[in-house]
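The structure appears below as structure tokens.
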Amino acid sequence: MRLMTYGDQGRSGLAVQTKEGWRGRLSTDPDFPGDLMSLLKKGGDALVQACDVLGSGVSVDPDTVERRPPLPNPGKIICIGLNYRDHTAEVAFVQPDHPTVFTRFANSLVADGAPLVRPHGSDQFDFEGEVALIIGRAGRRIPYAQALDHIAGWSLFNDASVRDWQFRTTQWTLGKTVDATGGFGPWFVTADEIAPGAAGIVLETRLNGDVVQRASTDDMVFDMATLIASVSEALTLEPGDVIVTGTPAGVGMARTPPLWMKPGDLVEVAAEGLGVLRNTVAQEGDD
Ligand code: MG
């Protein structure tokens, strides 16, 4: 199942992809089953039942509706750095023995189709195409062997980074959670739709149509189960939490000369089965 979060004049909506296209309901509809976060928190068959109800809703055109991130306000957005060896090498880091973790907040999220915003004060705005993992079942100290059972589904992410701010200190967060810099979407894909652990998924980033990153998730240093086991060693993962699982080689900062995103650009993150996340680039204050 593929679910799309949208809105209309302050109301939230949820749609499901059917053979007849996207069908959905708004929160003012008496039969609205709840938003994606509430359905994930309910667990069990809530998502399947919701899709039945949404499937008999009104037709929703993803090209004209007000798009929102699949989860506009996740409890946690946990990002993984240095998770593809070729990327670790290109940015001249030593490959760590444990996952490198930093965080984003919901202020940074941008829906499919909306612009990523380059902030005032920096022109070092870089792309990072990534697979996003969405937790469906809570857990602490989740064993590796059971980790994939905690995944509700998947989406795509552009971990767009303000490089000069990121590397002012050894802690990357301030360059990574700038307002409107995290492309998230285009939709939520349930775990049963793709291979367990998103194994063997080809992930591609395109800037103005040119392929700038291309890798398989099989190239990840720490696979999805390892990320869940490792992060949950420290903290409780909750339904709706998002883990952004790392970017492969090809980022703009590692090129000579650097290839920064600039206003007017189109950046796309694509993966088979997960769709294409498309964002334009705008300058802060342009609109
Ligand atoms: Mg990243």
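Could you give the length gained on full extension between GLU66 and ASP219, defined as 0.36 nm per residue of separation minus the Cα-Cα distance, in nm?
51.6 nm
Give, as ranges by residue number, the residues of the range 222-265 whose backbone N falls under 19 Å from the point 7 Å along Cα→Cβ of ARG140.
Counting backbone N atoms under 19 Å from the label point, the list is 228-242.
Summarise the accessible area of the range 1-134 (1.4 Å probe, protein heavy atoms) by the percent that is carbon and sulfur.
Carbon and sulfur: 50 percent of the exposed surface of the range 1-134.
What length, rounded to one decimal in nm, is gained on full extension from ASP179 through to ALA234, with 0.36 nm per residue of separation minus their alpha-carbon distance?
17.1 nm
Below 8 Å between Cα atoms, with a sequence gap of 6+, how large is the relative contact order for the chain in percent?
Averaging sequence separation for qualifying contacts and normalising by length gives 24 percent for the chain.
Rounded to the nearest 500, what is the chain's calculated 222 nm mean residue ellipticity when only DSSP H runs of at least 4 contribute -39500 (n - 2.57) each, over all residues?
Per the formula, -3500 deg cm²/dmol.
How many percent of the accessible area of the range 233-287 is carbon or sulfur, using a 1.4 Å probe?
52
Do you know the relative contact order of the range 1-123, to the nearest whole percent, from alpha carbon pairs under 8 angstrom that are 6+ apart?
22
For ASP52 and ASP8, what is the calculated FRET efficiency with R₀ set at 30 Å and r taken between the beta-carbons, to the nearest 0.05?
Here the calculated transfer efficiency is 0.85.
Who wins for biggest fluctuation among VAL221, VAL267, VAL91 in a Gaussian network model of the chain, springs between alpha carbons below 10 Å?
VAL91
Taking 1 over the mean of 1/r across every pair of different Cα atoms in the range 55-151, what Kirkwood radius in Å do you get?
17.1
At a threshold of 8 angstrom on Cα-Cα distance, excluding pairs fewer than six apart, so keeping six or more, what relative contact order does the range 179-253 reach in percent?
That works out to 25 percent.
Calculate, for the range 181-245, the solvent-accessible area per residue in square angstrom, rolling a 1.4 angstrom probe over the heavy atoms of the protein chains.
33
Report the calculated FRET efficiency for HIS120 and ALA254 (r = Cβ-Cβ distance, R0 = 30 Å), to the nearest 0.05.
The formula returns an efficiency of 0.75 here.
Given 0.36 nm per residue, what is the gain on full extension from VAL91 to ASN73 after removing their alpha carbon distance, in nm?
3.4 nm
Sort the range 89-143 into rounded, prolate or oblate with this rule: let a ≥ b ≥ c be the square roots of the eigenvalues of the Cα gyration tensor; rounded if a/c is under 1.5, and if a/c is not under 1.5, prolate when a/b is larger than b/c, oblate otherwise.
oblate
Probe of 1.4 angstrom, ligands and nucleic acids ignored: what's the accessible area per residue over the range 104-170, in square angstrom?
About 37 Å² of surface per residue is accessible.
If you take the Cα atoms of the range 88-223, find Rg, then find the Kirkwood Rh from the mean of 1/r over all pairs, what is Rg/Rh?
My calculation puts Rg/Rh at 0.96.
Given a 10 angstrom Cα cut-off, can you work out which residue in THR247, THR28, THR177 is the most mobile in a GNM of the chain?
THR28
Using only Cα atoms, locate the centre of the range 124-150 and the centre of the range 174-188, then give the distance between them in Å, rounded to an integer.
Centre-to-centre distance over Cα atoms comes out at 16 Å.
Regarding the chain, what are the three Cα extents along the principal axes, ordered largest first, in Å?
54, 47, 28
Among DSSP bridges having both ends in the chain, what percentage is antiparallel? Round to the nearest 5.
90
Restricting attention to the alpha-carbon atoms of the range 124-165, what are Rg (one decimal) and Dmax (integer), both in Å?
Taking only Cα atoms of the range 124-165, I get Rg and Dmax of 14.6, 40 Å.
The values are calculated or read from the model by the stated rules, or taken from the named source; none is laboratory data. The model shown is predicted, which means the values in this text are computed figures rather than measured ones. Note that each Cβ is placed from the backbone with ideal geometry, even for glycine, and that neighbours are counted across all protein chains shown. We work out accessible area using only protein heavy atoms, side chains counted, and drop any ligands, DNA or RNA first. Shrake-Rupley method; radii C 1.70, N 1.55, O 1.52, S 1.80 Å.
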